[in-house]
Structures are given as C-alpha cells and as structure tokens.
Amino acid sequence: MNPETISVVRVRDVLLVTMPADPDDATISALQEKTLDAMDQHTVKGLILDLSKVEIVDSYFARVVAETAQMVALMGGETIIAGMQPSVAITATELGVSLGRTRTALTVDRALDMAASTQNHSKSPHS
Amino acid sequence: MISEVKTPAQKQADGATLSAEASREMLQLLVDTIRDYAITILDPRGYVTTWSPAAERLKGYRADEIVGRHFSAFYTPEEVASGKCVRELEVATREGRFEDEGWRVRKDASCFWASVVITALRDAQGNLRGFGKVTRDLTDRKNSEDRLREQAKEILEMATVPIVQVCEGIMLVPLIGMLDSARTQQLMERLLLRLTETASPVALLDITGVPAIDTQTAQHLIETIKAVRYVGADVVLTGVRPAIAQTLVHLGIDLSNVATRSSLTAGLRVALSMLNLQIAPSNAHR
Amino acid sequence: MSVRDHGEVKIQTEPDIAVARRAVRDVATKLGFGVTETARIVTAASELSRNVHKYAGRGVMQWRALTNGQANGLELRFEDHGPGIPDVAEALREGHSTGGGLGMGLPGAKRLMDEMEIHSAVGQGTIVTVRKWRR
C-alpha cells in the first residue's frame with residue numbers, strides 16, 4: 001500500500017480515516033472525496049480522523065479538514081480528530097488555523113469511545 | 001598556667017603592659033600596617049588631618065595630596081550635592097558613630113564599594129576633636145553578591161516548569177513567575193509531549209505562583225490551552241486569585257470556554273470529574 | 001555524511017509544494033533543529049511555497065545554511081515573477097488565517113519564523129525571505 005494514501009475503514013458506526021505523514025495537496029483534497037463517498041456507501045454516524053502519523057498541518061490541510069467536518073455535520077455526523085502530534089498542535093496554534101467544529105481525542109481508541117457515547121444521546125451532537 | 005597578681009610597675013618591667021608612649025607607638029604601627037582597613041582622621045569640619053598607607057592604596061591619594069582637603073572628595077558629585085557628607089558628620093556627631101555602605105571615588109575617578117564607619121572622637125571633656133573614619137573595600141564581596149542575586153533571579157525565571165502526575169490521567173503544572181515567549185514555547189512542548197506519552201486527558205495549570213497577568217502572559221496561556229485541546233486533552237486553570245481575575249476581566253481576556261477555579265483543590269475536583277466523563281463510555285461497552 | 005549548505009527547489013506544479021517541504025525538513029533536521037522547530041520551519045515553507053504556486057504559478061525556493069558566529073540558522077528564499085503584492089503592510093497585518101484560504105498566510109509564516117523580509121513590486125514579482133536560528 002502506498003504510504004502516502006489515505007486509508008478509510010468503517011469501524012462500528014463511524015468512519016475511521018487515517019492520514020499519511022506528509023500528504024501532498026492532491027492527497028489532502030482526496031480526504032473530502034473519500035469521506036463523502038464512504039458516508040454515501042455506509043451508514044455511519046460520524047468521522048474519526050486519525051492524524052497520529054501526520055507531521056505537518058499547514059493552512060490548506062486545516063481548511064480541508066474544517067470543510068470536511070462541516071460536510072459531515074451537515075449530514076448529521078460528528079468529526080473527532082485523534083492523535084495529533086505535539087509539534088503539529090503547536091504549529092497549528094501558532095499559525096492560527098481553525099480545524100472547524102471538531103472534537104479531539106488523544107488516541108483513536110478514545111475517539112471511538114467518545115463517538116459511541118455521543119450516539120447514546122438522542123439529540124444531535126451539534127446542539 | 002599560673003596566674004599571679006602583679007603591680008603595674010612589675011607588669012611594665014615584664015613588658016606585659018606598655019608605657020603610654022609605647023602604646024601610642026604600637027597603635028600607630030597598627031594603623032600604618034593594617035592592609036584591609038583604611039584609617040583616617042578628619043577634623044571637626046571634615047577635613048582630612050591624617051592619612052595611612054592603606055588609605056593611599058585604597059583611594060589612590062598620597063598623604064601630601066589629600067591632607068587638608070575635605071573628605072567629600074571621596075564621594076560622587078551627586079552625593080555631595082545632595083548633602084550626604086554633611087549628614088554623615090551630623091549623625092556621627094549626634095549619635096557617636098555613622099555606618100554606611102556605598103560607592104566611593106578614588107583619585108583616578110574609578111569607584112569601589114565601601115563599608116564606612118565614621119566615629120566622633122571626643123576628649124575627656126566631651127569636646128569634639130574630630131572624626132575617625134574606617135573604610136573597607138567590599139567591591140569583591142558586592143560583585144559576588146550581585147552576581148548571586150542575578151543568577152537567583154535568572155534561575156527563578158528560567159527554571160524548567162515542573163510537570164507532575166498527580167494521579168492517572170491528570171498532569172499538574174505549577175507555574176511560577178511570568179510566562180514569556182521562550183518559557184511558553186518550552187512549556188508547551190514538554191507538556192504536550194507528557195500528555196500524549198501518558199495519554200493523560202487533563203492538564204491542571206496552576207497559576208498561584210504567577211505574580212501578575214499581562215496581555216502577553218494571558219495570550220501565552222490561551223495558546224497553551226488551544227494546543228492542549230488539539231492533542232485531545234483539556235485544561236483546568238487553577239489558582240485564579242481575585243487580583244488575577246480582576247486583571248483578566250479588565251484586559252478583556254475571554255476564558256469563558258475554559259474551566260477555571262481559584263483553588264487547586266477545586267480545580268482537582270473538576271479534573272477528576274472530567275476523567276469520569278472519559279471513563280464512563282468505555283465501561284458502557286463492557 | 002557531508003551537509004550541503006545551499007540548494008533550491010523549483011516550484012512549478014502543485015506536488016512541488018510537498019517536494020519543497022521534504023527538502024526543508026531534510027535540511028532542518030540535518031542542521032540540528034528540534035522536532036518542533038523543524039515543524040515550524042516546514043510549515044512556513046509550505047505556506048510560502050503555496051503562495052508562489054497559487055499567485056504566480058511558478059517560482060523557486062532557495063535555501064541556505066547560515067551562521068552568525070554564535071548560532072546556526074536556516075534561510076529560505078521564495079522568488080517568483082508573479083503579480084506582486086500591492087500592499088505588503090496590509091498582507092502582513094491581516095488577521096490570522098482561519099484556514100478559509102483567504103489571504104496569503106504571511107502573518108502565520110512570520111509568526112513561525114524568526115525573521116522575514118518581503119520585497120515585492122506589482123507586475124514584477126515577489127521575494128520572501130525567512131530565517132530561523134537554532135536556539
């Protein structure tokens with residue numbers, strides 16, 4: 001498998017999308033396409049974006065993530081960003097980007113727990 | 001050792017006590033030989049009447065250059081203008097002595113840090129005959145003290161902020177001193193690393209030891225909180241004293257989306273409840 | 001292993017942005033910058049390379065290892081013959097990029113690096129130079 005591609009799998013009721021370490025712009029934009037395709041194919045209630053391998057998040061990457069989260073929200077789902085590396089968190093803060101309406105989790109494991117618990121609520125997660 | 005009681009004549013014969021003249025001779029020898037203290041005599045108005053080799057070494061003047069001149073020559077122009085010399089003699093006259101530490105000026109205009117004792121010299125009738133001035137060069141000691149103070153200050157400001165695991169899932173960060181850019185960057189890196197390594201969901205930032213909050217410190221705090229949230233943890237800010245709370249409001253700093261408490265204990269309670277929120281969902285699956 | 005002290009990456013197509021990033025990461029790591037410092041430099045390089053691609057279509061990134069006698073550093077120079085920046089002060093003043101893709105992200109890059117210089121003339125092109133010193 002090409003290490004630079006995005007992996008998309010369905011885990012329980014959520015989509016788990018894993019980003020590679022330093023994706024080029026084409027790969028980053030593929031995030032949106034692949035997410036929307038997958039949400040079309042499977043009935044999933046949300047998206048977990050695994051950024052644990054990612055070494056750089058610039059303004060383009062951040063924008064695509066924020067837009068994707070917005071699309072997922074419009075379809076009634078929630079986006080959880082998991083495993084962001086410390087250096088990425090710091091540069092993202094200093095760059096001043098926004099990752100949109102997303103929750104964050106230390107690990108994919110925790111993200112799955114969070115996604116499961118949100119589903120237990122009858123209200124939409126964005127109220 | 002056998003102690004006997006001897007008559008004064010016997011003592012003098014022994015050489016154990018000195019005649020008045022020999023006494024004076026020995027005292028003069030003391031003044032001339034002693035290296036660490038510059039001993040001079042001033043007349044009642046403050047003019048130098050006697051000088052010593054140590055004084056010459058310390059202040060640079062030869063006896064023939066300084067005898068007859070006023071002792072304000074050893075002070076900086078600003079001090080002389082402010083009347084310091086007059087005051088010193090007044091105190092010595094009134095109370096018998098005056099003691100001080102300060103900068104003194106040598107003949108070549110260089111300065112040294114001196115410890116000075118001015119003693120009023122009165123005869124048997126109580127008349128003021130003059131002043132004895134004993135000066136000690138403490139420049140080396142002052143430099144060492146200044147250096148130590150600088151280092152202590154530097155250490156306090158640059159000391160690595162400790163990050164303490166208070167229990168599983170909670171990292172305590174007791175901040176001491178002001179948060180400048182460099183310290184914040186250092187802190188953010190270490191804290192985030194620790195949180196992600198241990199998968200700890202809560203960072204307890206205690207600002208009890210932060211003396212004052214300015215806009216810069218507040219911005220650094222807010223950035224740290226943002227970065228902690230990006231990695232998937234959260235922050236409880238504790239130690240927000242009334243004075244700090246007031247400053248934050250006046251500066252227009254918005255911490256409405258951050259859990260803040262005035263005491264560490266209260267903050268710890270909040271942190272623990274945050275952990276419970278994390279734990280419950282897992283339990284739900286078992 | 002010998003460390004080259006200068007080099008360049010031509011920015012002609014969009015994948016070149018990632019090529020520039022990798023080159024910068026490689027150099028920064030070899031020069032001894034730490035993980036977070038490297039991340040800052042690479043992110044700034046990404047922003048500035050993207051500017052070149054987005055506004056001028058093509059350009060070049062040149063990098064240079066520096067020393068000022070006391071510290072080592074890295075200099076990145078982005079040059080293009082694009083439309084130029086009409087108001088540099090304004091471009092630097094804009095609020096932090098919200099990732100909305102508006103603006104040039106120059107304030108962000110400036111924030112991440114230690115020094116930044118911009119030379120630009122409308123209709124002629126732009127040169128953005130940034131430097132980071134190892135602490």
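The residues in segment A:3-29 that are within 26 Å of C:ALA23 (Cβ to Cβ), within 13 Å of the chain's Cα centre (by Cα) and more than 13 Å from chain C (Cβ to nearest Cβ) can be counted, and the count is 3. On inspection, B:ARG269 passes the criterion of being of a type in the set (Lys, Arg) and either surrounded by 18 or more Cβ atoms within 10 Å (Cβ to Cβ) or closer than 27 Å to A:ARG110 by Cβ (or both). Of all the residues that make up segment C:32-44, how many are more than 9 Å from every other protein chain (Cβ to nearest Cβ) and in contact with a helix residue (DSSP H, G or I) (Cβ under 6 Å, 6 or more places away or on another chain)? Number of matching residues: 1. Note on segment C:90-113: residues that are modelled with pLDDT under 95, assigned to a loop (DSSP other than H, G, I, E, B) and either hydroxyl-bearing (Ser, Thr, Tyr) or within 15 Å of the chain's Cα centre (by Cα) (or both) total 4.
Here C:GLY34 does not qualify as crowded, with 17+ Cβ neighbours inside 10 Å and at pLDDT below 95.
Filtered by the rule that a residue be in a helix (DSSP H, G or I), buried (at least 18 other Cβ atoms within 10 Å of the Cβ) and more than 14 Å from every other protein chain (Cβ to nearest Cβ), segment B:210-246 gives B:THR217, B:ALA218, B:ILE244. Test of understanding: among C:GLU8, C:GLU47, C:GLU90, which residue is in contact with a strand residue (DSSP E or B) (Cβ under 6 Å, 6 or more places away or on another chain) and of a type in the set (D, E, K, R)? Just a single option satisfies the conditions, and that option is C:GLU8. Hey, among the residues in segment A:97-112 that are touching a Ser or Thr at 6+ places or on another chain (Cβ under 8 Å) and within 14 Å of chain C (Cβ to nearest Cβ), which one's surrounded by the fewest Cβ atoms within 10 Å (Cβ to Cβ)? Only one residue fits best here, namely A:ARG101. Taking segment B:115-138 as the range and being surrounded by 14 or more Cβ atoms within 10 Å (Cβ to Cβ) and either part of a loop (DSSP other than H, G, I, E, B) or acidic (Asp, Glu) (or both) as the test, the residues that pass are B:ASP137, B:LEU138.
Can we say B:THR247 is modelled with pLDDT of 95 or more and within 33 Å of the chain's Cα centre (by Cα)?
No: the conditions fail for B:THR247.
The values are calculated or read from the model by the stated rules, or taken from the named source; none is laboratory data. Keep in mind that what you see is a predicted model, and the values were worked out from it rather than measured. Cβ coordinates were reconstructed from backbone atoms using ideal geometry, including for glycine residues, and neighbour counts include every protein chain displayed.
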